[in-house]
1. Name the long-range amide H neighbours of Trp78: under 5 Å, sequence gap of 5 or more, or other chain; modelled H, no Pro or chain starts.
2. What is the spread of the Cα atoms of the chain along each of their three principal axes, largest first, in whole Å?
3. Convert each backbone phi in region 23-30 into a coupling constant with the Karplus relation 6.51 cos²θ - 1.76 cosθ + 1.60 (shift: θ = phi - 60°), then list the ³J(HN,Hα) values in order as whole Hz, x for Gly and Pro.
4. Pop out the ³J(HN,Hα) list for region 156-169 in order, Karplus 6.51 cos²θ - 1.76 cosθ + 1.60 with θ = phi - 60°, rounded to Hz; leave Gly and Pro as x.
5. Counting only heavy atoms of protein chains, what accessible area per residue, in Å², does the chain have with a probe of 1.4 Å?
6. When Lys and Arg each count +1 and Asp and Glu each count -1, what net charge do the other residues less than 15 Å away from Gln13, Cβ to Cβ, add up to?
7. Okay, helix-only estimate at 222 nm for the chain: each DSSP H run of n ≥ 4 adds -39500 (n - 2.57), divide by all residues, round to 500 deg cm²/dmol; what do you get?
8. May I ask you to evaluate 6.51 cos²θ - 1.76 cosθ + 1.60, the Karplus curve with θ = phi - 60°, for each residue of region 50-64 and list the ³J(HN,Hα) values in order in whole Hz, giving x for glycine and proline?
Amino acid sequence: MVGELAELIASLQLTAVYVTHDHAEALTLADEVAVMRSGHIAQLASPDSLIGSPATPEVADFLRLGGLADIEWKNGNWFLAGSTYQIADMQNPSRNRARILIPTRAVSADEGRASFQGVVLRSQFRGDGHLAVVSPPGLPSVELQLLSQVRFRPGETIPISVDVDQIHWFGADDQITQKERVATC
């Protein structure tokens, strides 16, 4: 039905406002999507921009783009906050703590490149594979998602590799006002 609706709107050259809680519908139908939070626009952008550059951790969480994590700089590397699980290394960070989005596409179960071990919390089949939610031992607040052709069982320990080039960093520069967000769209 969404496809037919998109076709109708396009063929009649209509401008439409469509309100939904279904992410797939919104991202399929819209040229621009407004993500609302507490009655205010949290981000107004094209679907590609929303997925590629969520303005805040809340937008990323609402769109279920992956796992959010707090990280801290120590001993020349970035670690999941309060742990010894290394995520990335960088030269001369501008701060010693950060909030990041680790997108689903950045996480794999690659023994050869594993950054750390994770415990499978749950797994569900999707048409393109099994979506597993994994947490590093001792960090229940960090839930990473990975898509695999292999079905992992809850409670199973698996190697976790993170492609650091795909991490989205949130910080002071990303905390712009609603007025600025709308004005730049």
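1. Those lying under 5 Å, H to H, from Trp78 are Ile87, Ala88, Asp89, Met90.
2. Here the spans come out as 57, 39, 26 Å, largest first.
3. 4, 4, 4, 4, 6, 7, 7, 8
4. With coefficients 6.51, -1.76 and 1.60, one gets 6, 9, 10, x, 10, 10, 10, 7, 5, 5, 9, 5, 9, 9 Hz.
5. Per residue, the chain has an accessible area of 60 Å².
6. -2
7. -4500 deg cm²/dmol
8. The phi angles translate into 4, 6, x, 9, x, 5, 9, x, 5, 5, 4, 5, 4, 7, 6 Hz.
The values are calculated or read from the model by the stated rules, or taken from the named source; none is laboratory data. Since we're looking at a predicted model, the values are computed, not measured. Neighbour counts are summed over all protein chains in view; Cβ atoms, including those assigned to glycine, are modelled from backbone coordinates with ideal geometry. The area values use the complete protein model at the heavy-atom level, side chains included, leaving out ligands, DNA and RNA. Shrake-Rupley method; radii C 1.70, N 1.55, O 1.52, S 1.80 Å.
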